[in-house]
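> Can you keep this structure in mind? I'll have questions shortly.
The values are calculated or read from the model by the stated rules, or taken from the named source; none is laboratory data. Please read all numbers here as calculations on a predicted model, not as lab measurements. Heads up, the Cβs are rebuilt from the backbone with ideal geometry, glycines too, and the neighbour counts pull from every protein chain shown. Surface accessibility is based on the protein's heavy atoms, side chains included, excluding ligands, DNA and RNA. Shrake-Rupley method; radii C 1.70, N 1.55, O 1.52, S 1.80 Å.
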Amino acid sequence: MQKNSLTVYIEAGLIATLAFIISLFPIEGTGFDIALGSIPITLFCLRRGWKAGIFTGLLWGLLTIILGGASIIHPVQVVLDYPVAFAFNGLAGIVAPALQQATASGNQKKATYYIFLSTFIGTLARYFWHFITGVYYWGRFAPEGWSVGFYSFVFNGGSVIVTTVIAGLALLLLYRQARQLFVGELA
């Protein structure tokens, strides 16, 4: 079991690094944050489960702070927007057993459902924390006449939708080409 744990930690480190690198690619003009790094994180969560996924998301958030990718307004905001929010992205792994069962039985329709459900759960869990910091720390950027809550809801809600669709489609395409990447021993 220790060898497997070491393998999971090594995978987690590699996936968190890959997520950080992918998130460096700018996506201009969308008006929303599209978290492309959630693609490898969600894949890892579906392969290894939510516990390993939370750890991996935490690493991704810490890398973002350490390597200078964080937007910093306040120390509490940094903690909530990066290690906490990114760790919650790991909840995408809650449906890992269901996806692995659908894969084992060859049920493509259920597998597709679980891939999108997983992506939505992880993205929504992450952006919940971004919504909170949006209200308390980023609200000053709200357009005139908008409440800070509405501004944070629109911006972060749009990010949830766009990220879920893009990441879900990318994962579905990957699943159809390399199904074995999604199958692993749950940690």
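> Considering only residues that are among the hydroxyl-bearing types (Ser, Thr, Tyr) and farther than 29 Å from Ala102 by Cα, which ones fall in the range 143-187?
First, the residues of the range 143-187 that are among the hydroxyl-bearing types (Ser, Thr, Tyr): 147, 151-152, 159, 163-164, 175.
Answer for the range 143-187, where residues must be among the hydroxyl-bearing types (Ser, Thr, Tyr) and farther than 29 Å from Ala102 by Cα: Ser147, Tyr151, Ser152.
> While we're on this one: What pairs come out if I take residues in the range 168-187 that are at pLDDT below 95 and pair them with residues that are acidic (Asp, Glu) and surrounded by 13 or more Cβ atoms within 10 Å (Cβ to Cβ) whose C-beta lies under 9 Å away, six or more apart or interchain?
Filtered contacts from the range 168-187: Gly184/Glu11.
> Still on this structure: Give the number of residues within the range 69-102 that are surrounded by 15 or more Cβ atoms within 10 Å (Cβ to Cβ), out of contact with any Phe, Trp or Tyr (no Cβ under 6 Å at 6 or more places or on another chain) and among the polar types (S, T, N, Q).
The total comes to 2.
> Mind checking which residues of the range 167-187 are open to solvent by 30 Å² or more (accessible area, probe 1.4 Å) and under 18 Å from Leu91 (Cα atoms)?
First, pick out the residues of the range 167-187 that are open to solvent by 30 Å² or more (accessible area, probe 1.4 Å): 169-170, 173-174, 176-177, 179-181, 183, 185-187.
Matches in the range 167-187: Val183, Glu185, Leu186, Ala187.
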